[in-house]
Amino acid sequence: MVESEDIEQIHPQDFSWQFWPVVPIYPYGKRRTLRKEVVKDTIWTFDQLQGIFYVVVPIRMTVVKLERGGLLVYAPVAPTGECVRLLNELVTKYGEIKYIILPTISGIEHKVFVGPFARRFPTAQVFVAPGQWSFPVNLPLSWLGLPGKRTRILPENSQEAPFAEDFDYAILGPLDLGLGKFAEVAFFHKRSHTLLITDTIVSVPAEPPAIVQLDPYPLLYHAKDKAFDIVADTSANRRKGWQRITLFSLYFSPSVLEVPTWGEVWHDAQTAPERSRKAYFGFFPFQWQENWQESFNILQGNGRIFVAPILQSLILNRAPQETINWANKVASWDFQGIIPCHFDAPTKAEPQQFRQAFTFLEKCSLFSSNYPLPEDDFKLLRNIDSGLNKLGIVPPARDKL
């Protein structure tokens, strides 16, 4: 159940995020936060929103109560006034934030919040995934805003971490991607049998998440079929917009989406009833085929977990053996639920289902996939992969195992 506050008690300044120009994506300088208790008196999620061109998806921080008191924060979000207040309510009840975890090295949407977040909680130790890097110049972590005196690299052996009593973790990478690297650290909370994941695994809900529904405009924008449509705010249209957003965000250009010519887009924009800046001056460069719903249903797969298509096509296929070894280690833990940093959470899933999600890296596997994603929807991602490889920007994908 999502925990809410009396809207009259919330001041708009509580949503303010002044560092938004560092990563200038929607919702820019105003970010709402929703807290949800996932495991009673033990685990909470804090959802915010991010997106481009109203393709909005949740970004999530997870907070866990430690056995000996205090809290651990996995993948911080923007420490707005609202977020900090909701977090301090837990601090008052369960103890101070002892550890802040940055579980990735490539996701700027996660890295950008760690420094500001650590400054709001000056006694917390910061642990980061090994192999951190920055572009275009590889700078020291302290130059990226992380507190130098209390920032450490996560030990390779999870038993050497100060929170080993509560967690095991497994590090994937760093994987060499040419211009950059990819890494992710999965955390297993032993007492609640819960797995924390950053970007590798997602589960897509059929209905728009609560954080997305706080401002339905992006949902209604993508529920349009034409630039000149006026879409009523109904639950059906919110659902329609969300499902299209999901297809676009995970595939970039699914097979059921046609992109009109710029001439057509410009012409339609001139007749659009809403031509404000908020509506991108009437521009709507989307044209969905009638069978788009079927494509979403296959992707959603009744809520099953899967590896995000961009990771399948552009990242993990460059290190299949290392990825499978990591997946096997994670699948050796006896978790019963997963909390990813994006889309749905928590999702009920067991180790075999997690391992099954990585069968796309194998020619043959004991963990056969019941929900293969349509190859047609990967067309743009495959073309991007091929183009980057030909230019020598990324190393070639390796053969399936």
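The table below gives the values:
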read-out	value
Set of lysines near residue 149 by C-alpha distance (under 16 Å), chain-local residues within fewer than 8 positions excluded	98
Anisotropy class of region 161-216 from Cα gyration tensor, a/c 1.5 cut	oblate
Mean projected area (nm²) of the alpha-carbon convex hull when the chain is viewed from all directions	20.0 nm²
Gained length - residue 18 relative to residue 157, 0.36 nm times residue gap less alpha-carbon distance	46.3 nm
Rg over Rh [alpha-carbon atoms, Kirkwood Rh] for region 60-124	0.95
Mean accessible surface per residue for the chain, computed with a 1.4 Å probe while every protein chain stays in place, in Å²	45 Å²
R0 of 25 Å, Cβ-Cβ distance residue 294-residue 259: FRET efficiency to nearest 0.05	0.80
Spin-label pair residue 287/residue 88, simplified geometry with 7 Å Cα→Cβ offset, distance in nm	5.4 nm
Ranked order, 242, 288, 266 - accessible area, probe 1.4 Å, largest first	266, 288, 242
Sites residue 322 and residue 266 - FRET efficiency at Förster radius 56 Å, r taken between beta-carbons, to 0.05	0.75
Computed over the chain: relative contact order in percent, which uses C-alpha pairs under 8 Å that are six or more apart	14 percent
Among 373-381, 182-190, 249-257, the order from most to least packed when residues are scored by Cβ within 10 Å on average	182-190, 249-257, 373-381
Mean residue ellipticity (222 nm) of the chain, computed from DSSP H runs ≥ 4 via -39,500 (n - 2.57), nearest 500	-8000 deg cm²/dmol
C-alpha center-to-center spacing [region 222-300, region 149-183] in angstrom	40 Å
Stretchable slack from residue 304 to residue 276, in nm (0.36 nm times residue separation minus alpha-carbon distance)	6.2 nm
Separation in nanometres of the label points that stand 7 Å from Cα toward Cβ, at residue 399 and residue 25	3.6 nm
Other-chain or far-sequence residues with amide H under 5 Å of residue 100's (modelled H)	73, 125, 126, 127
Cα-based shape type of region 63-203, given that a ≥ b ≥ c are square roots of the gyration tensor eigenvalues and the cut on a/c is 1.5	oblate
Of 226/278; 181/400; 329/379, pairs whose Cα-Cα distance is over 23 Å	329/379
Antiparallel %, DSSP beta bridges [both residues in the chain], to 5	75 percent
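The values are calculated or read from the model by the stated rules, or taken from the named source; none is laboratory data. Owing to the predicted nature of the structure, the values given are computational and were not obtained by experimental measurement. Here the Cβ is made from the backbone with ideal geometry for all residues, glycine too, and neighbour counts use every protein chain on show. Ligands, DNA and RNA are excluded from the accessible area calculation, which covers all protein heavy atoms including side chains. Shrake-Rupley method; radii C 1.70, N 1.55, O 1.52, S 1.80 Å.
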